[in-house]
Amino acid sequence: MKIAVGCDHGGYVLLAPVMEHLKERGIEADAFGSVDGARTDYPKVGEAVAKKVACGEYDFGIVMCGTGIGISLAANKVRGIRCANVSEAYSAAMSRRHNNCNMLALGGRTLGDQLALTLVDAFLDASFEGGRHEKRVGMIMAIEEEESSDTLK
Ligand code: RB5
């Protein structure tokens, strides 16, 4: 498994704990965005990480900004991305089990390190259940198709 991790300056506080945790779990991960804590525009980081996941270069993306909101909004604009911004473990797991999310967003100013790592584990340890959820996730992705065909009209 290969994970792309990205943050802006608001999420930077979680970068080292998340990277270290993934390493401890034996997961290959690369960091993008504000890797030195410098002020960075979160839409660019969300987009960059999302594109790396969407093209298959990475299996999952984990992105962090101050709240996780802005960077998840940006990531979700990239075709093929389902990014969940969560702050408790049940939703982190359910985002995989029911929504087949391929990205997780976390808030550096809203979560402590330990909770953030618990959410990372809950996300990575859960699997998509398929079945009735397959159809519903397909319905979400169909919205992207409808939007692109609209632009041809
Ligand atoms: C940066 O100050 C902050 O706006 C950003 O990290 C994020 O919280 C946006 O959603």
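Every read-out reported here was derived from the displayed coordinates using simple, explicitly stated rules and does not represent laboratory data. Computed from a prediction, not measured in an experiment: that's the story for all the values here. Please note: Cβ atoms are built from the backbone with ideal geometry, for glycine as well, and neighbour counts cover all protein chains shown.
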Inset, instruction - Give the residue, chosen from GLU24, GLU28, that is touching a Lys or Arg at 6+ places or on another chain (Cβ under 7 Å), surrounded by fewer than 19 Cβ atoms within 10 Å (Cβ to Cβ) and without any contact (Cβ under 8 Å) to a residue 40 or more places away in the chain. - result: GLU28
Legend entry - Unique residue being crowded, with 17+ Cβ neighbours inside 10 Å and closer than 22 Å to GLU28 by Cβ when the list is ALA116, ALA74: ALA116
Inset, instruction - Among what's in segment 82-94 and is buried (at least 20 other Cβ atoms within 10 Å of the Cβ) and within 16 Å of the ligand (Cβ to nearest atom), pick the residue that is nearest to ASP113 (Cα to Cα). - result: VAL86
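Within the group PHE123, PHE128, which residue is among the aromatic types (Phe, Trp, Tyr), within 17 Å of MET19 (Cα to Cα) and either in a loop (DSSP other than H, G, I, E, B) or more than 16 Å from the ligand (Cβ to nearest atom) (or both)? Before you say what the answer is, go through the steps one by one.
On the way: PHE128 fails: within 17 Å of MET19 (Cα to Cα).
Answer to the check: PHE123.
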Inset, instruction - Looking at (1) within 11 Å of the ligand (Cβ to nearest atom); (2) closer than 16 Å to ASP113 by Cα; (3) of a type in the set (A, V, I, L, M), find the lone condition where VAL18 falls short. - result: (1)
Legend entry - Identity of the residue in segment 40-81, among the small types (Gly, Ala, Ser), in a loop (DSSP other than H, G, I, E, B) and more than 15 Å from the ligand (Cβ to nearest atom), that ends up nearest to the chain's Cα centre (by Cα): GLY80
Legend entry - Unmet requirement for SER149, which otherwise passes all of (1) in contact (Cβ under 8 Å) with a residue 60 or more places away in the chain; (2) surrounded by fewer than 13 Cβ atoms within 10 Å (Cβ to Cβ); (3) not aromatic (Phe, Trp, Tyr): (1)
